[in-house]
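Written below as structure tokens is the structure these notes are about.
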Amino acid sequence: MDSTVLWLQKKRIAVLYGGWSEEAEISRRTGISVLKAFKDLSLDAVGIELNHDLPEKLKKEKIGFCFIALHGKFGEDGTVQGLCEIMGIPYSGSGVLASALSMNKAHSKIIFKESGLPTPRFELVSSPRSSLRFPVVVKPNEGGSAIGIAIVKKEPDLKKAVAQALKYSKQALIEEFVAGKEITAPILGKKVLPLIEIIPKHDFYDYASKYEIGMSQHLIPARLSNSCVREVSELAYEAHCVLGCRAFSRVDFIVDKKNKPWILELNSIPGMTETSLYPEAAKAAGLDFPGTILKMVKHSIADGKTS
């Protein structure tokens, strides 16, 4: 029997989902999928909604491992990871610092830039001003699922886009727009899974494109040259490492018309819903959904040096 299954058989597993962020509903969908995978493996797992009495719930349920299926604030930003550290409960994915850095787009891009990794130019603002040439992409500095993101083609539209982004984050990130193919690189352990090319029906990979069936096309393999696939894969793993991530993540790119890859951001807790990219790449690598979850746990407990 798989050693990870044997380890988990001695634990009561909590799948944490929900919470207060704008991504709470997507988190619940991820959590329900993950919980079903644990049940299919005949493991003792329970779903727990994130709220203020989480510490009491973890104690009451005698939880021995947390699979964090949370997206956005209070789950993807290092806070729940910190709680698990304090309570001595092993958990999935990256640690406190890596989670916080990944959640903060500006901080992660600064680290990418200082590490020599290509990322589009950007500005961090709290008012509608920019020295970048239009078009630009405006997004909340903290958050995911493409919530609050807009492509701004002319300066008069900047005010509205920044105001929208500031509804979801204290600061807005204004990023140089790069035209090209949207590519994502999922990472599992020390391997990069097959790259996926995303063709959204809208102007970009927005919320509807991500979570509504039929609103985007996913191509595996991506329509890239072999050398470009290698470059994107290497850059993805480097980004994962420089932020201090562990076990798994997903790195999003734009590959421009000259075949140059640009890192947009890193997701430390990729979505695991029926339309999510990560399980699709894992399937292309030969892993079914329960097998993918087991691998994610395996690398989490190994990288976290958990007993």
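For the structure I just gave you, tell me whether residue 127 is free of Cβ contacts under 8 Å to residues at least 24 places away in the same chain and not in a strand (DSSP E or B). No, not satisfied.
Among the residues examined, residue 249 qualifies as at pLDDT 95 or above, among the small types (Gly, Ala, Ser) and not in a helix (DSSP H, G or I).
All conditions in (1) in a helix (DSSP H, G or I); (2) at pLDDT below 95 hold for residue 218, with the sole exception of (1). Only one residue in 73, 39, 59, 113 is of a type outside the set (Gly, Ala, Ser) and in the same structural domain as residue 231 (by TED's automatic domain parsing), so which one is that? Unique residue meeting the criteria: 113. If the condition is being outside any loop (DSSP other than H, G, I, E, B) and either crowded, with 20+ Cβ neighbours inside 10 Å or without any contact (Cβ under 8 Å) to a residue 12 or more places away in the chain (or both), then the range 255-274 contributes 255, 261, 262, 263, 264, 265, 266, 267. Residues that are within 15 Å of residue 267 (Cα to Cα), surrounded by fewer than 22 Cβ atoms within 10 Å (Cβ to Cβ) and of a type outside the set (Lys, Arg) occur at least once in the range 77-95. When residue 108 is tested against (1) of a type in the set (Ser, Thr, Tyr); (2) closer than 18 Å to residue 236 by Cβ; (3) in contact with a Gly (Cβ under 9 Å, 6 or more places away or on another chain), only condition (3) is not met. Across the range 92-124, the number of residues qualifying as without any contact (Cβ under 8 Å) to a residue 60 or more places away in the chain, out of contact with any strand residue (DSSP E or B) (no Cβ under 7 Å at 6 or more places or on another chain) and more than 26 Å from residue 297 (Cβ to Cβ) comes to 5.
Would you check if residue 32 is crowded, with 24+ Cβ neighbours inside 10 Å, out of contact with any Asp or Glu (no Cβ under 6 Å at 6 or more places or on another chain) and of a type outside the set (Ser, Thr, Tyr)? Answer is no for this residue.
Is it the case that the range 96-106 has a residue that's in a loop (DSSP other than H, G, I, E, B) and surrounded by 18 or more Cβ atoms within 10 Å (Cβ to Cβ)? No, the conditions are met nowhere in the range 96-106.
The values are calculated or read from the model by the stated rules, or taken from the named source; none is laboratory data. Please read these numbers as outputs of a predicted model, since none were measured by experiment. For neighbour counting, all protein chains shown are included, and Cβ atoms are generated from backbone atoms with ideal geometry for every residue, glycine included.
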